[in-house]
Amino acid sequence: MRLIYKIIFSLALLLGVSLQTRAQTQNSLYFMNGIPQSNRINPARNPDCGFYIGIPILSPLSTQFSSNPLVYEDIIYPHPTEDSLITFLHPLGDQEAFLNKLKPLNVVLADTRTSVISIGFGTGAGFFSLDLTTRAEVSLYFPGDLAKLVLEGADEGGVYNMDGTGTDFSGFDEIAVGWSGAIGSKWNIGVRGKALFGFGNLSTSRSELEVSTSEELWNIQADMEFNASLPFAEVVYDEDGNIEDIIIEDEVNSMRPAALFKQAFNAKNFGLAVDLGVDFRPSDRWLLSASVLDIGYIRWTDEVHKVSFKTDYDYLGLEVNPLEFTGDLSLGDYVDSSFSALADSLAGGLEFTPGGIYTSHLNPKLYIGASWWATPGINFGLLSRTDFLRETIFEQLTASANFAAGRVLNFTLSYTFMNNYWKNFGAGISLNAGPVNLYLISDNTLNALFWPGEAQSVNLWFGMNLVFGYKECWKKDQDRPLVY
């Protein structure tokens, strides 16, 4: 039991780092002027200032949770007759509606980021930026057939396909150096090179699982493989190659802040990535743009462990004869021993392999946008975003209206269609008080207020900077920096 606890704790620690503060780049940020960190979503963007420095930890701090297709009210809702809440597992819960909502493969996403260094400055050769960011990303995949088998039971001749079941988690520190500059009067290009240092990973490299049921037997066919890098723990194996113990570092076990610093910039888990961006201005009123983010990988070598599970097992069920039970063998003892034997049989397909090297890839993102200026202070934008995950692709479409009141205030209203859900209304605001820039952005602001039970995604992006040498972006020919 102690070993099981340690395994669960190690996995929960990896996933919890990300799920506690779910974050991802906000689409509404793409068209907002006056925010230095807009170059995070398109490296070609030149902030409208000569120099900026972000307040550590707060610039930016972003958070998001996203589920496809389940929402809160699919799982928890009011009791039909009493003043209380119930779940779909309650006798009065609607399990059929829950199952009908599921897809063959369902996804929960998480991604959190916070920066301790965020600096940018302009020169005659272009605009340069330096960012030091801690990131954690997780994707959970679970099949609809699994819920169907558990809630409805097995059908005669049923085949339950659970391919794709698994999780991908990566926690890493990122050092990014960016550059953007003009090519002629209409083009602007940008690039951000990134060095990655991993502090934890769990990857599903192969996931094939199928359960076939009949009155005579259940056939379980599985071919699955998982890789993990656990620098914060030492995994001890016995002579048979099975896990005997997991020794978790004291700082991690007690959740002390020192654990974060101890695992920072782990060069044993090293990777590289790049972001690319381009802006094209065919006229004074139009801006066309595109960017691709997170093209990269991490090579994991520190405390690496591989778990494979391969089996083709026929479960014949339990054959119970009441006359066989005596004072020395009760029905409960018989059931316990039978399930223990089943677990032992399935465990025979498990194989643990310490050491080795493996590679995981980041989840690339593609943005394509267009903006039209009605006046120097008002523009409208349309943005397409595509997230490329291991098992699926997410598409989003965002429309926004953006307003600027001089250099003091920038405001945006946005609407996003994602996950086949229409009620995604967002807003963002950026304030400048002297050299202090403060901004808050969300793609789902109104969802949390008016339709909290329906929301599939909740995100927030917050930042604070000291900005110097501000210039008005629409007066390109007359720009002169205002220095504080």
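None of the figures in this text is laboratory data; all of them are computed from the coordinates on show. Not measured: the values here are computed from a predicted model. We place every Cβ from the backbone using ideal geometry, glycine too, and count neighbours over all the protein chains shown.
Observations
- The fewest-to-most ranking of 372, 300, 451 by surrounding Cβ atoms within 10 Å reads 372, 451, 300.
- Residues of the range 259-299 with an amide N closer than 17 Å to a point placed 7 Å from the Cα of residue 245 along the Cα-to-Cβ direction: none.
- The simple Förster model, with R0 at 41 Å and r as the Cβ-Cβ distance, assigns residue 288 and residue 84 a FRET efficiency of 0.15.
- Volume per residue that the Cα convex hull of the range 76-193 spans, once the total is divided by residue count, Å³: 223 Å³
- Under 18 Å from the residue 73 label point (7 Å along Cα→beta-carbon), backbone N, the range 389-422: 418-422
- Counting 0.36 nm for each residue step from residue 380 to residue 422 and taking away their Cα separation leaves a gain of 13.2 nm.
- Between residue 281 and residue 391, the simple label model (points 7 Å from Cα in the Cβ direction) yields a spacing of 4.5 nm.
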